[in-house]
Amino acid sequence: KTGADEIKEQVGKKQTHYNAMKRELVALEASFKRKKARYIDAVDKVTDAATALQEGRKQGKPPKEIQKLVKNHEKHREHEIAMRERLSTGVLKYSAHQSTFAQET
């Protein structure tokens, strides 16, 4: 092997590594965007459930109906909290990978 061949090999390895890191970064960004959209949807559902509960109380609905509305609100609230946790995990993964990518390129 000549020195030029070794340099070409090293450049090839670095290019392959760079491409892999870039793909991972793009995938993490896409994942984050999906999680963000799901989180926004979850927040909307919590708001709708809270509004329905508030309206039910205002209208003096029977206790069984109020109980259903409360359970529905709690279910959506728990889902929203889970989505928020996933979103923050996604942000951390993306940020960590982005800084690693920046350091290595």
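The values are calculated or read from the model by the stated rules, or taken from the named source; none is laboratory data. What you see is a predicted model; the values in this text were computed from it and never measured. Neighbour counts are summed over all protein chains in view; Cβ atoms, including those assigned to glycine, are modelled from backbone coordinates with ideal geometry.
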Exercise for review: Name the single residue, out of those in region 86-105 being surrounded by 12 or more Cβ atoms within 10 Å (Cβ to Cβ) and charged (D, E, K, R), that is modelled with the highest pLDDT.
Suggested key: Arg86
Point to revise | Pairs with Cβ under 9 Å, 6+ apart, first in region 13-32 and touching a residue at least 12 places away in the same chain (Cβ under 8 Å), second among the polar types (S, T, N, Q) and in a helix (DSSP H, G or I) | key: Met21/Thr100; Leu25/Gln98; Leu28/Gln98; Glu29/Gln98
**Study point:** Scan of region 27-54 for residues that are closer than 17 Å to Leu87 by Cα and either surrounded by fewer than 10 Cβ atoms within 10 Å (Cβ to Cβ) or among the small types (Gly, Ala, Ser) (or both), ordered by number
**Key:** Ala27, Ala30, Ser31, Ala37, Ala42
Exercise for review: Restrict the check to region 4-11 and report whether at least one residue is modelled with pLDDT of 95 or more, exposed (fewer than 13 other Cβ atoms within 10 Å of the Cβ) and of a type outside the set (D, E, K, R).
Suggested key: no
